[in-house]
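S.K.: For reference, the structure I am asking about is given below.
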Amino acid sequence: MKKIFFSALLLGAALTLSAQSKYDHYYVDLPIEIEHVQEVKFPATSVNIAQYGAVPDGKTDCTEAFEKAIKELSKQGGGHVIVPRGVWKTGPIVLRSNIDLHLSKGATILGSENKELYVQKNDTLRDGSKKCNALIRASKCENIGITGKGVIDGQGFIWRPIKEKKLKRGGAAEFWDEALALGGTIKPDDKTYSLWYPFNLNPELGIPNIAATAEIQEKMRPHLVNITDSKNVVVEGVTLRNSPKFHLVPTRIQNLIIENVTIDCPWWAQNGDAMDPGNVQVALIAGCHVSAGDDGICMKGGVGEKGVEAGPQRDFLITNDTVYRAHGGFVIGSEFCGGMQRLIVKDCMFDGTDIGFRFKSAPGRGGWCEDIYCYNIVMKNIREAAIFFQSGYADRSAGGRGATDTDDKSKFYPEWSNFTFRNITCVNAQKAVDITGLKGLPVHDLLFDGVSFYGVREGMTIDYAEKLTFQNCIMTPAKENTIKHSKSLLWNGQPME
């Protein structure tokens, strides 16, 4: 796949590296040089939402008060919108340039259950659905902050479908009973289990439908925080909880800082991704704690030509983060047509995730990778594979591996290459490594150095891969490997067969 190089951007990176930043201590002893994030600063001016009629009773609609406070502060050149202790219910909040939404300790922003507040009225899609705005959003802004010690709660339970099978097999049947108590719509999921939609809920709840059918409404679920096409964004200290869909979605951002953020989402939440930065240039994700209903820290890179135009996801440092329940701890995909360049994941722990490192894509959604480093990682209690690559992810049938032939008409193939995994310890996983490339485009050029697998129940499954080097690696007890359509694989200096 053709790589796109931005000489002007790299020149800017070299200049930025010489500047001092409060975040420079994170960038010590890295395996490659990457561009540092820069501090986002705001004017000292502040306003309090209570000044504009907001009431902290968890019942009064504070949407207008948030809007007035932000508008007034913006007129003054920006600063801090203070959300004091209390529960402040609101519809969507739109941030502006030079605005920091600051949540005091004990403050909760609670997403309104009135779904009609979120609907973009003039944008009906072909299937009858409409787009819904995130609870907190900004676009085409500079200097945006969401900071403090408070909580942002999206009340996702009244938005998300729920799979009976997932709850009952996971030992959480009480949540199925809670859903049924709200009314809603039940549809079959398979021969044994059902699927619950929060559609036609009990009238006394006062939660309206916003679409003609349960399936159409399901497509309209909004994100919790969505910031797009902006520069200098900081999310620091807050807790993001219970989103209708993804929790934190920064897209096409230059200079992104996510520090000491907690994301708390039920493990059974449908599409409950924690954070999904996409086509972001220069980012730090540090000191975060994540529990999610889908992927934990997930890198996105756009689909098709639009992803290419937005540029690669580049110069990321992900450090001192902990991911608990999630489909993947650190993830790339499924869409990354813009490419991935200079990503460093270090000093992290994945505890109880389905997969540790999860790299997934398919023809039509894939891109290129360059200089991906993952090191000083501890993984434990991994339900499936510790390290997973899948190039036919979107096309595989249920229960199948499904390597895809490259006769597909798409030109956006996933090229998984140039990864280094170093000083990684995995304890108690179902499988050590699971790799499935494409016929004609194998997963290639991966280095595993000092990777130790203890107590895994299965070894490695490798299909369509080449130039994989395992050195100073341990697997105990020793397990058999399944290798097909692969070559140039070395385990501690010996060819793998």
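A short reminder: the numbers here are calculations on the coordinates, not readings from a lab. Note that this is a predicted model, so its numbers are computed, not measured. Quick reminder, even Gly has a Cβ in these numbers, built from the backbone with ideal geometry, and neighbours come from all protein chains shown.
S.K.: With every atom except the alpha carbons ignored, what do you get for Rg and Dmax of the range 161-215, in angstroms?
M.R.: 11.6, 33
S.K.: Quick check: pseudo-label points 7 Å beyond the Cα along Cα→Cβ at R383 and D29, how many nm apart are they?
M.R.: For R383 paired with D29, the spin-label model returns 3.5 nm.
S.K.: Regarding the chain, what whole-number volume in Å³ per residue does the convex hull of its Cα atoms give? The partial results should precede the final answer.
M.R.: On the way: hull volume 76.4 nm³, N = 497.
That works out to 154 Å³ per residue.
S.K.: Additional query: Mind checking the dipole of the chain: about its Cα centre, +1 per Lys or Arg Cβ, -1 per Asp or Glu Cβ, Debye to the nearest 20?
M.R.: 540 debye
S.K.: Would you list L248, L343 from fewest to most Cβ contacts within 10 Å? The partial results should precede the final answer.
M.R.: Details: L248 29, L343 24.
Ascending Cβ contact count within 10 Å gives the list L343, L248.
S.K.: May I ask for the Kirkwood hydrodynamic radius of the range 53-140, worked out over all distinct Cα pairs and given in angstroms to one decimal?
M.R.: Working: mean 1/r = 0.0717 Å⁻¹.
Result for the range 53-140, one decimal place: 13.9 Å.
S.K.: Let me ask something else. Could you work out how much longer the chain between N122 and K187 gets when fully extended? Use 0.36 nm per residue separation minus the Cα distance between them, nm to one decimal. Mind dumping the intermediate values first?
M.R.: Details: separation 65, 0.36 × 65 = 23.40 nm, distance 2.99 nm.
Additional length available on full extension: 20.4 nm.
S.K.: For a protection proxy built on the mean count of beta-carbon atoms within 10 angstrom, sort 24-33, 412-421 highest first, please. If you can, show how the numbers build up before the last one.
M.R.: Details: 24-33: 11.7, 412-421: 23.3.
With the highest mean Cβ count within 10 Å placed first, the list reads 412-421, 24-33.
S.K.: Can you list the aspartates and glutamates whose alpha carbon sits under 18 Å from that of K75, skipping same-chain ones fewer than 8 residues off?
M.R.: Filter leaves E64, E67, D100, E142.
S.K.: A further question follows. How many angstrom lie between the Cα centre of the range 306-370 and the Cα centre of the range 33-83?
M.R.: Going from one Cα centre to the other spans 31 Å.
S.K.: Which value at 222 nm does the chain reach when only helices count, each DSSP H run of 4 or more adding -39,500 (n - 2.57), with the total divided by all residues and rounded to the nearest 500 deg cm²/dmol? Could the numbers behind the result be given before it?
M.R.: On the way: 6 runs with 51 residues, N = 497.
Rounded to the nearest 500, the figure is -3000 deg cm²/dmol.
S.K.: Further question: Largest first, please: the extent of the C-alpha atoms of the range 281-346 along each principal axis, to the nearest Å.
M.R.: Principal-axis extents of the Cα atoms in the range 281-346, largest first: 34, 23, 11 Å.
S.K.: Given Cα pairs under 8 Å that are at least 6 residues apart, what percent is the relative contact order of the range 161-215? Please list the in-between numbers first.
M.R.: Values: 67 pairs, mean separation 17.8, N = 55.
Relative contact order comes out at 32 percent.
S.K.: The range 144-253: percent of C-alpha pairs farther apart than 20 Å? It would help to have the intermediate numbers written out before the result.
M.R.: Details: 3084 of 5995 pairs.
Counting every Cα pair in the range 144-253, those more than 20 Å apart make up 51 percent.
S.K.: While we're looking at this one, here's another question. Ranked by Cβ crowding within 10 angstrom, fewest neighbours first, how are E64, E204 ordered? Each step should come with its number before you reach the end.
M.R.: Details: E64 13, E204 7.
With the fewest neighbours first, E64, E204 line up as E204, E64.
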